[in-house]
Structure formats: C-alpha cells, structure tokens
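Asker: Pasting in a structure now, in structure tokens, and then I'll have a few things to ask.
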Amino acid sequence: MEKFSDRIGITSRPVLGLNEAPYNLRVSMWNVIQPLLFRVPAGQSKYAWMANIERLYDFLHLPANQVGYIENNEIGRFEGWLFSAQVPWYEALNFIDFAAQSMWQGKITQSVCNALDRVFEREGSPYRYIGGVLTPIANPVELEELL
C-alpha cells in the first residue's frame, strides 16, 4: 500500500540495491517471522517454540546449551543479532530465509512468502520469493514488473 506522502509526491518509496538490508527492512522482516518462530501449536507444550529456536542457534553457530526457557530473552537475543550494524546485509537475509524455511522443515509456506514479498516491495528491496526460494531481481525491468 502506497503511503499518503508518496501519493502526493512529498516522499517516494525507497529503492534499495542488491547489497542492502537496512534497519527498516530488517525490522519489517523480523515482524513477519518473529510471531511464527514463537508460536505454540494447539495441544503442544508451552515450550514447543524451542524446537525452532534450537535450529536457529545451530544456524548462527551459537552454543546449544545457551538456549533459554524465557521467550522474551530469546526474542531479545535474536533481535539484537539481526538489528546489529555489524551483521552484513546477506547474513540478515540468510537468517530470515533460514528462519522461514526451518519452521516447516525446509519447506516455506506460500503465506510466509507472500508476507515477506509485501515487506520487500514496501521497503524497496530487490528480492522476492519465487517458487519458495529467495531470489534477487537484478534486472530493473523484472523489478518494475513485480512492483
């Protein structure tokens, strides 16, 4: 959805390069993934979210014995990592893509792809999920067709 200020010409939608994942994009991607990471399916233990977190610890090469049982602490740990200026753009995208894939044993759902694609579009990122695979759209014509 186009912002009011974009529609009246005061501002314009951001246009990011292939090698960029600024703070606003990272926050928006996290806002899609975070609730899903910590979701507990009906009928499961209140700690069922820890299976997703253990996979992320392994992916980030964090010691598994440091996985905590307090959800807010784990949320803060991943936010701190993802939002850090020291984390390169590609690692942020690796993390979000892995998190999305790991929640469903390697098969990302179309609804998650669609939600992340809306984020990429709104934030001006030249990435989209195509066939469940995060794909750079390097050709400006291709990107314009998607926008």
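Residues checked against (1) without any contact (Cβ under 8 Å) to a residue 40 or more places away in the chain; (2) under 19 Å from residue 128 (Cα atoms); (3) surrounded by 15 or more Cβ atoms within 10 Å (Cβ to Cβ):
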position: 14; (1), (2), (3): no, yes, no
position: 18; (1), (2), (3): no, yes, no
position: 32; (1), (2), (3): no, yes, yes
position: 46; (1), (2), (3): yes, no, no
position: 50; (1), (2), (3): yes, no, yes
position: 64; (1), (2), (3): yes, no, no
position: 70; (1), (2), (3): yes, no, no
position: 73; (1), (2), (3): yes, no, no
position: 80; (1), (2), (3): yes, no, no
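Asker: Right, another one. Can you name every residue in the range 1-12 that is of a type outside the set (S, T, N, Q) and without any contact (Cβ under 8 Å) to a residue 60 or more places away in the chain?
Answerer: 2, 3, 4, 6, 7, 8, 9, 10
Asker: Can you work out which of the residues in the range 1-46 that are among the hydrophobic types (A, V, I, L, M, F, W, C), within 12 Å of the chain's Cα centre (by Cα) and part of a helix (DSSP H, G or I) is farthest from residue 87 (Cα to Cα)?
Answerer: 36
Throughout, read-outs are computed from the coordinates displayed, never taken from laboratory work. This one's a predicted model, so the numbers in the text were calculated from it and none came from an experiment. So basically every Cβ, Gly included, is an ideal-geometry build from the backbone, and we count neighbours across all protein chains shown.
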